[in-house]
Amino acid sequence: MEGIDRAEIKLTRGVPATEAFPIEEIIACSAQVLRDHGKTLLQYQPGIGFLPLREIIASQAGVTPEQVVLSNGSIQLVTFLAEVLLSPGEVAFVELPSYDRTITTLRRAGVKVVGIPLEEDGIDITFLEEAMKEHHPRLLYLIPDFQNPTGVTTSLAKREAIVSLAKEHNFMVVEDIPYRRLRYQGGDLPTLRDLDAERVIQLSSFSKLLSPGIRVGWMVAPVAIARRVTQIATDTYITPNMLGQGLAYEFLHEGKLENNIARLRRLYAPRLATMLHALSQYLPQASWIKSEGGFFVGLTLPEGANSTQVAEKARKKNLVLGNSAGFFADGDGSRFIRLPFCALNEKEIEEAIKRLAFAVQAVNQ
Ligand SMILES: Cc1ncc(COP(=O)(O)O)c(C=O)c1O
């Protein structure tokens, strides 16, 4: 405990715990897949990605393999989708707050990004309806399960309202679900794609389920969109990271992924529980999302406390907090702090929240 008291603690990045990586199994799967598929994996291949992996993902999603595009992480697919679905100057809606890299990626494509306020059960539907009158969005990007950065899960009623508005107003929905399988409590809701397979494009990734270093993400989309994304992928890099895709395939093919997900749940569930408990113990004056999975708890500071000032005070206590403004399409975020809990152990989490509470108090004085 003495060591932890002094050591720096980082509550900045949403990365997996390094002890979560199944390194020995990854070594074995890499060797096996190279033996079985080496001549394919080491060659230039179609930009859509490794067929055996696409076949497994397609059968799990109940679609054909031509609807599944693999890429170098799912964030690369956001770049391609921006080019396929939007022209510069057009509008995309995102949750307010949302994943910062999606916001910057869309902006780099010249897209106007508008935030729809996020409530405890998903975006504010009344606000969405009003905003649609003003902006006529081409696209709504959502993270409906254990959202980054807040931990919010969109309710079934809001999922239904969103797909029905998408149909009525003719815009596409991109649901990004890299955390969906990491549920530590409660039961799954249908995906938005389950509710409308024509209007919803689904993105997901092996980054949180296996490793971000292997860079394998995937998209499930209507065929026409999958083809256009594939064309841009091919123009961009000819062939995606086949070795990573081969490894992910072997992991799935050998039935190891489900075990790994079960192991991750056992590792991360107590970390979330510790964080939620520590917040109620040390920061009862703040409010936070009682997330049931994923990587994050979104904290709203009590009135009068500003996240930049809190971060400065926290730094003096050797607690490093991330920048909140990047998550907010309107650039605000002054009372928000994202708390990633997966890469810290329970002692570090408790100590981090104690230091955070100290920093909040120091700002309020
Ligand atoms: C919502 C969301 N989408 C995409 C990504 C990036 O995933 P990948 O590593 O597959 O590019 C992240 C990573 O933090 C994320 O939180």
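Step by step: first the residues of the stretch 202-225, then only those that are more than 11 Å from the ligand (Cβ to nearest atom) and not hydrophobic (A, V, I, L, M, F, W, C), then the one that is nearest to Ala82 (Cα to Cα). Which residue is that? Checking each candidate, the answer is Gln202. Restricting attention to the stretch 298-313, the residues that are part of a strand (DSSP E or B) and surrounded by 23 or more Cβ atoms within 10 Å (Cβ to Cβ) add up to 2. Taken over the stretch 314-337, the residue count meeting the criterion of being touching a residue at least 60 places away in the same chain (Cβ under 8 Å), of a type outside the set (Asp, Glu) and not in a strand (DSSP E or B) is 8.
Taken together, the criteria exclude Glu95 from residues that are of a type outside the set (A, V, I, L, M, F, W, C) and surrounded by fewer than 18 Cβ atoms within 10 Å (Cβ to Cβ). Taken as a whole, the condition of being among the small types (Gly, Ala, Ser), modelled with pLDDT of 95 or more and touching a Lys or Arg at 6+ places or on another chain (Cβ under 9 Å) does not apply to Ala109. Does Arg181 satisfy the condition of being in contact with a Ser or Thr (Cβ under 9 Å, 6 or more places away or on another chain) and over 20 Å from Ile75 (Cα atoms)? So Arg181 does not fit the description; no.
Taking the stretch 1-109 as the region of interest, the helices (runs of 4 or more DSSP H) fully inside it that hold 1 or more residues being out of contact with any helix residue (DSSP H, G or I) (no Cβ under 9 Å at 6 or more places or on another chain), under 18 Å from Pro178 (Cβ atoms) and in contact (Cβ under 8 Å) with a residue 12 or more places away in the chain are 74-85. Taken together, Val297, Val229 contain a single residue that is over 30 Å from Gly186 (Cβ atoms), at pLDDT 95 or above, within 16 Å of the ligand (Cβ to nearest atom) and in contact with a Phe, Trp or Tyr (Cβ under 6 Å, 6 or more places away or on another chain), which is Val229.
Screening the candidates Ala343, Ala352, Ala359 for the property of being without any contact (Cβ under 8 Å) to a residue 60 or more places away in the chain and in contact with a strand residue (DSSP E or B) (Cβ under 9 Å, 6 or more places away or on another chain) yields one hit, Ala359.
Within the stretch 180-201, the set of residues being closer than 24 Å to Leu85 by Cα and either outside any loop (DSSP other than H, G, I, E, B) or within 9 Å of the ligand (Cβ to nearest atom) (or both) comprises Leu192, Arg193, Asp194, Leu195, Val200, Ile201.
So is Pro240 in contact with a Leu (Cβ under 9 Å, 6 or more places away or on another chain), within 16 Å of the ligand (Cβ to nearest atom) and not in a helix (DSSP H, G or I) or not? For Pro240, the condition - in contact with a Leu (Cβ under 9 Å, 6 or more places away or on another chain), within 16 Å of the ligand (Cβ to nearest atom) and not in a helix (DSSP H, G or I) - is met. When Leu189 is tested against (1) farther than 22 Å from Glu258 by Cα; (2) touching a Leu at 6+ places or on another chain (Cβ under 7 Å), exactly one condition is not met: (1). Checking the structure you have, find out if any residue of the stretch 156-168 is of a type in the set (Lys, Arg), free of Cβ contacts under 8 Å to residues at least 60 places away in the same chain, out of contact with any strand residue (DSSP E or B) (no Cβ under 8 Å at 6 or more places or on another chain) and part of a helix (DSSP H, G or I). Taking every residue of the stretch 156-168 in turn, at least one turns out to be of a type in the set (Lys, Arg), free of Cβ contacts under 8 Å to residues at least 60 places away in the same chain, out of contact with any strand residue (DSSP E or B) (no Cβ under 8 Å at 6 or more places or on another chain) and part of a helix (DSSP H, G or I).
Considering the stretch 132-152, and only residues there that are hydrophobic (A, V, I, L, M, F, W, C) and under 27 Å from Val297 (Cα atoms), the residue that is nearest to the ligand (Cβ to nearest atom) turns out to be Ile143. From the list Lys133, Lys167, the one residue that fits, being surrounded by fewer than 17 Cβ atoms within 10 Å (Cβ to Cβ), at pLDDT below 95 and on the phi < 0 side of the Ramachandran plot, is Lys133. Of all residues in the stretch 248-260, one or more are of a type in the set (Phe, Trp, Tyr) and either assigned to a helix (DSSP H, G or I) or surrounded by fewer than 19 Cβ atoms within 10 Å (Cβ to Cβ) (or both).
The values are calculated or read from the model by the stated rules, or taken from the named source; none is laboratory data. Everything numeric in this text was worked out from a predicted model, so none of it was measured. Here the Cβ is made from the backbone with ideal geometry for all residues, glycine too, and neighbour counts use every protein chain on show.
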